[in-house]
Amino acid sequence: MDLNLKNKIPAIYPFSVFAKEGGLISYGISGTGVTKEVASYLDRIFRGQRPADIPVQAPTQLELVINRKTAKEIGAQISPSLLARADEVIE
């Protein structure tokens with residue numbers, strides 16, 4: 001991440017922690033969404049369902065985090081429509 005900032009290379013990361021720590025954008029699974037899905041799986045297992053009988057599911061919640069401070073540092077323009085769609089914008 002530091003190398004991207006040093007060389008002013010815009011990058012997109014898979015987890016929001018990267019954008020919160022100085023990355024430009026993250027787009028990936030929501031930590032709270034995954035936690036809820038894991039809880040659902042555990043509930044089914046504790047109620048007696050065999051893990052082999054539970055279908056594998058893809059994450060249903062994705063989140064977009066944009067770090068405007070980093071965008072300014074590297075000279076990247078973020079469109080207003082993308083900012084409007086973001087779940088979180090870091091100033």
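Derivation of every value follows stated rules applied to the coordinates shown; laboratory data play no part. Note that the coordinates shown come from a computational prediction; the quantities given were computed from them, not determined experimentally. Note: ideal-geometry Cβ built from the backbone for every residue, glycine included; neighbour counts use all protein chains shown.
Check each of the trypsin sites (Lys or Arg not before Pro) in the chain and keep only those in coil by DSSP with at most 11 other C-beta atoms within 10 angstrom; list them in order.
Lys8, Arg47
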Which distance in nm do the two modelled labels at Thr32 and Asp53 give, with both placed 7 Å along the Cα-to-Cβ direction? 3.3 nm
In degrees, nearest 10, range 0 to 90: what is the angle between the Cα axis of helix 31-46 and the longest Cα principal axis of the chain? 10 degrees
On a straight-distance basis, which aspartates and glutamates could pair with Lys6 in a cross-link, Cα separation under 14 angstrom, same-chain partners fewer than 8 positions away excluded? Glu73
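Do any GluC sites (Glu not before Pro) in segment 12-80 lie in a loop, going by DSSP, with at most 15 other beta-carbon atoms within 10 Å of their beta carbon, and if so which?
On the way: sites: Glu21, Glu37, Glu63, Glu73; in loops: Glu21.
Passing both the DSSP loop test and the Cβ count: Glu21.
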Could you go through segment 71-77 in sequence order and give the Karplus-derived ³J(HN,Hα) for each residue, using 6.51 cos²θ - 1.76 cosθ + 1.60 with θ = phi - 60°, rounded to whole Hz, and x for Gly and Pro? 4, 5, 4, 9, x, 8, 8
Tyr41 and Leu62 label points (each 7 Å along its Cα→Cβ direction) are spaced in nm at 2.0 nm
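Going by C-beta contacts inside 10 Å, put Ile9, Ile66, Ile74 in order with the fewest on the left. Numbers along the way, then the final one.
Values: Ile9 11, Ile66 25, Ile74 15.
In order of increasing Cβ crowding within 10 Å: Ile9, Ile74, Ile66.
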Taking Val34, Val89, Val65 and counting other C-beta atoms within 10 Å, the order from fewest to most: Val34, Val89, Val65
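Counting other C-beta atoms within 10 Å, which of Ser40, Ser81 has the fewest, and how do the rest follow?
On the way: Ser40 12, Ser81 7.
Starting with the residue having the fewest Cβ neighbours, the order is Ser81, Ser40.
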Roughly how big is the chain's charge dipole about its Cα centre, with Cβ charges of +1 (Lys, Arg) and -1 (Asp, Glu), in debye to the nearest 20? 60 debye
